[in-house]
1. Only residues in region 117-145 that are closer than 19 Å to F80 by Cβ count as the first member; pair them with residues that are in a loop (DSSP other than H, G, I, E, B), Cβ under 6 angstrom, at least 6 apart or cross-chain, and list the lot.
2. Could you look through region 122-140, keep only residues that are out of contact with any Gly (no Cβ under 9 Å at 6 or more places or on another chain), surrounded by 12 or more Cβ atoms within 10 Å (Cβ to Cβ) and not aliphatic (A, V, I, L, M), and pick out the one that is nearest to D176 (Cα to Cα)?
3. Kindly list the number of the only condition in (1) modelled with pLDDT of 70 or more; (2) open to solvent by 100 Å² or more (accessible area, probe 1.4 Å) that fails for E286.
4. Collect the residues in region 27-79 that are open to solvent by less than 30 Å² (accessible area, probe 1.4 Å), within 26 Å of A122 (Cα to Cα) and of a type in the set (G, A, S), keeping them in residue-number order.
5. Find all pairs meeting these conditions: Cβ atoms under 8 angstrom apart; at least six residues apart or on different chains; first residue within region 5-17 and open to solvent by less than 30 Å² (accessible area, probe 1.4 Å); second residue among the basic types (K, R).
6. Going residue by residue through region 122-136, is there one that turns out to be in a loop (DSSP other than H, G, I, E, B), of a type in the set (V, I, T) and farther than 30 Å from K212 by Cβ?
7. So which of A108, A104 is open to solvent by less than 60 Å² (accessible area, probe 1.4 Å) and either under 18 Å from W164 (Cα atoms) or in a loop (DSSP other than H, G, I, E, B) (or both)?
8. Looking at region 191-207, can you tell me whether even one residue there is open to solvent by less than 60 Å² (accessible area, probe 1.4 Å) and either more than 24 Å from K248 (Cβ to Cβ) or basic (K, R) (or both)?
Amino acid sequence: MIKRITINAYQVGLVFEKGKLIDVLQQGTFWILGNKEVKTFEMKQSFVAPIELNILLQNEKLASLLEIVEVADNEIALYFTNGLFKEVLLTGRYAFWKGYMENAFIRADVSKVEITEKIAVAMFENVKVRPFVKKFQVANFEKGLLFVNGEFIKELVAGTYYFWNNAISIEIKNIDIRQQQMEISGQELLTKDKAALRINFFVRYQVVDTIKALVNNKESEKQLYVMMQLAIRTFISNFTLDELLTRKDTISKEILEQVISKISDLGLSVSDAGIRDIILPGDMKEIMNQVLVAEKKAQANSIMRREETAAMRSMLNTAKLMEENEMLWKLKEMEYVEKIADKIGEITISGGGNVIGQLKEIFVK
């Protein structure tokens, strides 16, 4: 039996006899004698071996036409044709035709953590590659701490990070490094003189050492809260209510001075702190108001007495001057008469005429 076979450009024909490869045909027309089978393959597609590839590669002509890529158990290979990504090759042995397209491969060891291969970052977002990577993000206002199998490895700055997706546990803990404010509200305290009061306190803090804040300490923010609570309680108990009220503006500074070294051990720094309110119980408010009213009354009485004393002293000095100078006495009389004349419109005495008019005439002359 004779068969006529035509192999077009960019095709390869494999001739089998009883399942064994006996010839490789390239472009042209061929006559096949006997009971032989010809399988035609397109070079634009990857070669899928009809039988065991190792057996086929024993044919030197076929082996020269194929590019073999082997991917180990712990690897993947990114396959590119003519510079464009096509697919991810998993564990196995692959054959690609030479000459039709430019084939390129990037092997990657996915058993490790870091991605050290020269792979464009955009590739990790490709839908075919994404299952093989783990993605983490650290925002501009954060720092990240990398943990591998629970062990701290290094600190990361803002950015996007990719690691191979395998059995190794990878975690990035993000920590906010912006300035933050903590409110310590409604602290019920007793002063040295047993006066009960409540204080609302605030602290502005910032993480300055991420390793201390997250690795060396657990819940550093809660520790800061408790630390400030205890410091406030200790400070308040050492002073009477009157002393605290007079030191209100410096209390926060004095409290911070006591705990600044402990705050530093937490990896934090405090830029500001202060008392928002000192709240007294109702009965204590009433007593304080009574004290304030009494103080203001005493101040008012003192001012009035000072003014009265000054007025009397002025009058005494005037009297002494008038006693020593008769002309001054007359001038003072004239001043008073003039004032009387301005205040009173008219005084009439029977048979005496207009007294006010007469007085004006006397002093005007």
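The values are calculated or read from the model by the stated rules, or taken from the named source; none is laboratory data. Given the structure is predicted, the values throughout are model-derived calculations rather than measurements. Methodologically, a virtual Cβ is constructed for each residue, glycine included, from the backbone with ideal geometry; neighbour enumeration extends over all protein chains shown. Note: accessible area is taken over every heavy atom of the protein model, side chains too, but ligands, DNA and RNA are not part of it. Shrake-Rupley method; radii C 1.70, N 1.55, O 1.52, S 1.80 Å.
1. Going by the 6 Å Cβ cut-off, the qualifying pairs are M123/V129; F132/N165; V133/N165.
2. So, considering only residues that are out of contact with any Gly (no Cβ under 9 Å at 6 or more places or on another chain), surrounded by 12 or more Cβ atoms within 10 Å (Cβ to Cβ) and not aliphatic (A, V, I, L, M), the one nearest to D176 (Cα to Cα) is K135.
3. (1)
4. A77 - this is the single residue of region 27-79 that is open to solvent by less than 30 Å² (accessible area, probe 1.4 Å), within 26 Å of A122 (Cα to Cα) and of a type in the set (G, A, S).
5. G13/K39; L14/K39; V15/K36; F16/K36; F16/K39
6. Yes.
7. When all the criteria are applied, what remains is A108.
8. Yes, the conditions are met somewhere in region 191-207.
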